[in-house]
Amino acid sequence: MDGVSRRRFRERCGEALFAFFNRKYRMPSNFNIVAPDQGLAAALQQKIDQKTKPLGALGQLEKVAKKIGLIQQCLEPQLNQPQMLVFAGDHGAAKAGVSAYPQEVTWQMVENFLAGGAAINVFARQNEMNLAVIDAGVAHDFAPRPGLINAKVAAGTANYIEQPAMTSEQCASAIAHGARIARNLAANGCNVIGFGEMGIGNTAAASLITHCLTGTALADCVGRGTGLDDAGLSRKQALLEKALSRYRAAGGDDQPAQVLAEFGGFEIAMMVGAILAGAEAKMLLLIDGFIVGSAALTAARLFPAVTEYCVFCHCSAEAGHAAQLRALAAEPLLDLGLRLGEGTGAALAYPLVVAAVGFLNEMASFASAGVAEKS
């Protein structure tokens, strides 16, 4: 990188993040993420316990309500301008055969999102969530239009079977783009982000990230993705083993940022940045399934307090998602056998989040309703 390019990169990504990647995969230093103050925890719990119900009778909704109250540091939290973000990017390894679908499906599905015809469009409309699609690195040029954010780092990543998927500069740029998107939403009054993705081959990338960051056997992290048959699953496993061998031979040490650059997609790296910035801004983060989970896992390995801002929305049918949930000590709201991606699990879980806030704010207490408490 020449001097002019280096200066422009610093200006685009921020001095601290540039310094992070320039020191080769150390922790980013331009995020200030702290866990919510627990000073209000007892008051929130008392308010929940005084509702006209047996203790704990609303199960996970009670935990979600308390989490949101702590994030917002108030007894009457509000959900403002809920936003679904679908990050899209292509993967160089897709052409090697890690997916049942051709790479072109990525851009074709982006067009479907923009036309309003995908499952995520239906669920976002149904639940009154705004929806934006981010071109993080699709191998296609899209015409500008409402609902599309152009943050393209490059036209897809490199093939990680042969070389790192991203350079450190590309990875830093993707993180910075994602952070900027989340910060802009927060500045405009949004306090809830749902995360989704699109990228042929990205379950393979998520499998490698999950293996490296959790220590789970690779075979237990690899699933059928978009519908591989047994032969396709075996081929996918062999290709990922080959990618790991290359990485280990090059001295890979499973530092989160290095793993992200080695195997991630631009959409995954951009979600990492948005998750980090969203946590910094004390937003509620709705984490979808396996691929979004790989971004959340990476972000949490960098800043463990990130999980205090996350609601894990569902348990994916993809094999490796259980490993992610265990590693993050996460309790998902739904288990519907979903494996679509797009943020569909986050959108489907959002009404439960609304219900959690609703009961906390509107449900009568024993005292206000004149109902006798348990003796």
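What follows is calculated from the coordinates using simple rules that are stated; it is not laboratory data. Owing to the predicted nature of the structure, the values given are computational and were not obtained by experimental measurement. Please note: Cβ atoms are built from the backbone with ideal geometry, for glycine as well, and neighbour counts cover all protein chains shown.
Couplings for the stretch 151-159, taken from phi via the Karplus curve 6.51 cos²θ - 1.76 cosθ + 1.60 with θ = phi - 60°, read 10, 4, 7, 6, 7, x, 7, 6, 7 Hz in order; Gly and Pro are left as x.
Computed from Cα atoms, the angle from the helix 105-115 axis to the main principal axis of the chain rounds to 40 degrees.
Sparsely packed loop sites in the stretch 20-129 (the GluC sites (Glu not before Pro) outside DSSP H, G, I, E and B with at most 11 other Cβ atoms within 10 Å) comprise Glu128. Against the main long axis of the alpha-carbon atoms of the chain, helix 266-280 sits at an angle near 30°. Within the shell of other residues whose beta carbon sits under 9 angstrom from the beta carbon of Met363, the net charge comes to +1, with Lys and Arg scored +1 and Asp and Glu -1.
Each listed q (0.10, 0.15 Å⁻¹) maps to a log10 I(q)/I(0) for the stretch 78-353 from the Debye sum over equal C-alpha point scatterers, namely -0.42, -1.02.
Could you tell me how many degrees, from 0 to 90 and to the nearest 10, lie between the Cα long axis of helix 202-214 and the main elongation axis, the longest principal axis, of the Cα atoms of the chain? The angle comes out near 70 degrees. Straight-line reach from Lys236: taking Cα to Cα under 28 Å and skipping same-chain neighbours fewer than 8 places apart, the lysines in range are Lys95, Lys152.
Measuring gaps between exposed loop sites in the chain (trypsin sites (Lys or Arg not before Pro); DSSP loop; at most 15 other Cβ atoms within 10 Å), the longest gap, sites not included, is 27-373. Normalised by the number of residues in the chain, the mean separation of alpha-carbon contacts (under 8 Å, six or more apart) gives a relative contact order of 24 percent. Antiparallel beta bridges, as assigned by DSSP with both residues in the chain, represent about 5 percent of the total such bridges. Give the separation of the Cα centroids, the stretch 253-274 to the stretch 67-125, in Å. First find each Cα centre; the distance between them is then 17 Å.
Each of Met129, Met363 was scored by other Cβ atoms within 10 Å of its Cβ. Listed from fewest to most, they are Met363, Met129. Which shape class, rounded, prolate or oblate, goes with the stretch 267-365 when its Cα gyration tensor gives a ≥ b ≥ c as root eigenvalues, a/c under 1.5 marks rounded, and past that a/b bigger than b/c marks prolate? Here the stretch 267-365 falls in the oblate category. Overall, the anisotropy analysis places the stretch 194-342 in the oblate class: the square-rooted eigenvalues a ≥ b ≥ c of its C-alpha gyration tensor yield a/c not less than 1.5, with a/b not exceeding b/c. Within the stretch 305-375, which GluC sites (Glu not before Pro) sit in a loop by DSSP and count at most 12 neighbouring Cβ atoms inside 10 Å? Qualifying residues, ordered by number: Glu373. Between Ala250, Ala238, Ala100, the Gaussian network model of the chain with springs among Cα atoms under 10 angstrom shows the greatest mean-square fluctuation at Ala250. Our summary gives the stretch 227-336 a relative contact order of 20 percent, counting only alpha carbon pairs under 8 angstrom and 6 or more residues apart.
Between the stretch 350-371 and the stretch 32-49, the alpha-carbon centres lie 17 Å apart.
Within the stretch 260-302, none of the GluC sites (Glu not before Pro) combine a DSSP coil assignment with at most 15 other C-beta atoms in a 10 angstrom radius.
Each other residue within a Cβ distance under 15 Å of Ile120 adds +1 if Lys or Arg and -1 if Asp or Glu, for a net charge of -4.
Listed by chain and number, the lysines whose C-alpha is less than 18 Å from the C-alpha of Lys53, apart from same-chain residues fewer than 8 away, are Lys63, Lys66, Lys374.
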